[in-house]
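These notes are about the structure you will find just below.
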Amino acid sequence: MKLNLKEDVITLAIESSCDETSVSVLKNGRQVLSNIINSQIEQHKKFGGVVPEVASRKHIENINEVISQALKEANVTFDDITHVGVTYGPGLVGALLVGLSAGKAIAFAKEIPLNGVNHIEGHIYANFIDHKNLKPPFICLIVSGGHTHLVYMKDYGEYEMIGRTRDDAAGEAFDKVARALGLGYPGGPQIDKLAKEGNPDAINFPKAYLEEGSYDFSFSGLKSAVLNYINTQKMKGLEIPVADVAASFQKSVVEILTEKAVKCAVQKGVDRVVLAGGVAANSGLRTHLKLECDKNNIDLKYPSLTLCTDNAAMIGCVAYYDYIKGLSSNLDLNAIPNLKIGDRN
């Protein structure tokens with residue numbers, strides 16, 4: 001049952017699923033009053049990836065200050081907040097618990113509703129913030145460091161899982177290939193930048209289409225092919241054409257993601273595809289997907305670069321739509337590291 005909303009809904013949202021401590025304040029779900037993101041990239045660079053224990057400790061150090069900054073920038077106080085939205089999965093359990101504990105404490109102290117949010121759903125809803133007229137139904141391609149999903153979004157909060165990765169996520173493959181090429185962390189932006197200098201047709205890396213009609217993804221074979229190529233070049237004492245490797249690898253990832261997303265939209269009879277997740281910032285993916293969508297008269301939407309990465313504004317947008325449906329979470333809500341899209345707390 002929908003609530004009778006006579007006043008503006010002010011959402012305080014918290015995101016801490018990985019290595020960004022983020023807090024946002026939104027008005028009526030789509031108007032961002034503040035979106036503070038404290039990134040830990042510099043702390044994790046020396047390890048070549050996110051260290052869960054380090055991430056959890058940094059969240060504890062940062063969370064109160066980030067909340068204060070978000071409230072100050074939005075020019076609101078705790079008394080103005082209608083409800084609290086917070087990520088409770090999927091993600092690193094220790095990191096999730098920091099944000100979740102803060103969210104529950106605020107909801108309890110101010111006696112306002114709590115809305116637990118699925119982080120993957122958040123990536124989809126980032127598009128609603130940037131595209132004010134966007135509404136379901138559409139096909140969504142979610143591509144990030146931990147997730148590669150192809151989802152049919154029927155309505156707000158209603159999803160049909162069409163395809164998912166069977167092994168490595170696309171973003172994970174980017175990071176591992178970047179590490180093998182000595183490009184550092186995070187790998188996605190490094191490969192995207194270098195790929196512009198290379199020849200995408202220089203090396204014929206494989207693309208896994210899987211069985212006929214499948215919309216699932218697999219990137220472990222591609223990752224292994226790239227690593228084998230690099231090792232072979234080293235053993236032969238040959239120079240590794242780093243830019244060409246980056247461009248050829250990225251081409252394989254982009255083409256398989258694009259082909260399955262467009263094919264799915266055509267088969268479903270849907271005229272809109274939405275791109276989401278950290279890898280949605282990849283310029284090669286944006287360009288190629290736009291080209292193929294245009295060929296098939298499909299409207300493509302994707303978020304601004306800031307909203308592609310983990311942030312609390314996207315979490316607040318999901319929380320708002322749950323709230324106006326009359327949904328809320330109990331204060332005994334726990335973190336669920338392997339939470340699936342569509343699961344409700």
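Taken together, the values in this text are just the output of simple stated rules run on the coordinates, not laboratory data. Fair warning: this is a prediction, and the values are worked out from it, not measured in the lab. A quick note on method: Cβ atoms are made from the backbone with ideal geometry, for glycine too, and the neighbour counts reach across all protein chains shown.
Below are the figures for this structure:
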item	result
Efficiency of FRET from Cβ geometry, ASP80 and LYS196, R₀ 51 Å, rounded to 0.05	0.65
Alpha-carbon centroid distance for the pair segment 289-304 / segment 142-190, whole angstrom	19
Computed over segment 137-303, the ratio Rg/Rh where both radii use C-alpha atoms and Rh is Kirkwood	0.99
Positive-end residue, the chain charge dipole about Cα centroid, Cβ charges, pick of ASN296, LEU12, MET314	ASN296
Reachable aspartates and glutamates from LYS27, criterion Cα separation under 20 angstrom, eight or more residues apart if same chain	GLU7, ASP8, GLU15, GLU73, ASP79, ASP80, GLU111, GLU121, ASP130, ASP310, ASP322
Hydrodynamic radius (Kirkwood) for segment 64-127, which is based on Cα pairs only, to one decimal in Å	12.6
Computed magnitude of the charge dipole of the chain (debye, nearest 20; Cβ of K, R +1, Cβ of D, E -1)	320
Most fluctuating residue given options ALA170, ALA208, ALA319, as computed from a GNM of the chain linking Cα atoms under 10 Å	ALA208
Where trypsin sites (Lys or Arg not before Pro) in DSSP loops with at most 10 other Cβ within 10 Å are excluded, longest remaining stretch of the chain	237-343
Segment 190-274: chymotrypsin sites (Phe, Trp or Tyr not before Pro) in DSSP loop, at most 15 other beta carbons within 10 Å	TYR209
Extension gain, ASP299 back to ASN330 (0.36 nm per residue minus Cα-Cα distance, nm)	7.3 nm
Förster radius 25 Å - calculated FRET efficiency between GLU158 and THR306, Cβ distance, rounded to 0.05	0.40
Segment 143-228 - convex hull of the alpha-carbon atoms, volume per residue in Å³	125
Helical contribution to [θ] at 222 nm, DSSP H n ≥ 4, -39,500 (n - 2.57), averaged over the chain, rounded to 500	-14000 deg cm²/dmol
Degrees separating the helix 283-295 axis from the principal Cα axis of the chain, which is the longest one	90
Angstrom value of the Kirkwood radius, inverse mean 1/r, which spans all Cα pairs in the chain	20.6
Segment 137-303, dipole about Cα centre (Lys/Arg Cβ +1, Asp/Glu Cβ -1), debye to the nearest 20	280
Rounded FRET efficiency, nearest 0.05, which uses the C-beta distance separating ASP271 from SER214 and R0 of 30 Å	0.85
